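Right, one structure below, let's go through it.
The values are calculated or read from the model by the stated rules, or taken from the named source; none is laboratory data. Bear in mind that the values here come from a model prediction, so they are computed numbers and not experimental data. Note that each Cβ is placed from the backbone with ideal geometry, even for glycine, and that neighbours are counted across all protein chains shown. Ligands, DNA and RNA are excluded from the accessible area calculation, which covers all protein heavy atoms including side chains. Shrake-Rupley method; radii C 1.70, N 1.55, O 1.52, S 1.80 Å.
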Amino acid sequence: MNLKFFEQIEFAEDGVNVFNKMDAEFLRRLDRVREACGFPFQITSSYRSPEKNKRVGGSLNSMHLQGRAVDIACTNSVQRWVITREAIKEGLTVGIMPNAIHLDNRPAPILFHYYDRFKAGKSKDE
């Protein structure tokens, strides 16, 4: 699978390429979100093994375990809004963190936040 805006190496777990563990439909939608946004994304988390997911405190049913989620570094409120808007248009779930955005393609999309989990973190423009 070739993506227009992402290289396979951007999908990694502890430095190991996990592109082949990512869901193809999710990747197509993610690529369309990136195109609509018009600025690059830095993926900080994609597929996670059960061990990695446990180590980082991920949900037991995390979409990362299925290769159907990414976290994108984001500390700018304008970019956070644009990513959120375009992801919602694609029918993706959006999770807001102080310094990142989570996107996934669960069957029934939702919008949620992680602020209780990351009380100490604040974005630059808040």
Can you give the relative contact order of the chain as a percent, counting alpha carbon pairs under 8 Å and 6+ residues apart? 20
If each of Ala108 and Lys52 carries a label point 7 Å out from its Cα toward its Cβ, how far apart are those two points in nm? 3.0
Among Gly95, Ala24, Gly38, whose Cα projects farthest towards the positive end of the dipole of the chain, with charges put on the beta-carbon of Lys, Arg (+1) and Asp, Glu (-1)? Gly95
Could you state the accessible area per residue of the chain in Å², with a 1.4 Å probe and every protein chain left in place? 56
Lys pairs, the chain - Cα-Cα below 30 angstrom, 8 or more residues apart or on other chains: 16
The answer for the longest stretch of the chain without any exposed trypsin sites (Lys or Arg not before Pro) (DSSP loop, at most 16 further Cβ atoms within 10 Å) is 5-116
For the chain, the percent of accessible surface on carbon and sulfur atoms (probe 1.4 angstrom, ligands and nucleic acids excluded) is 52
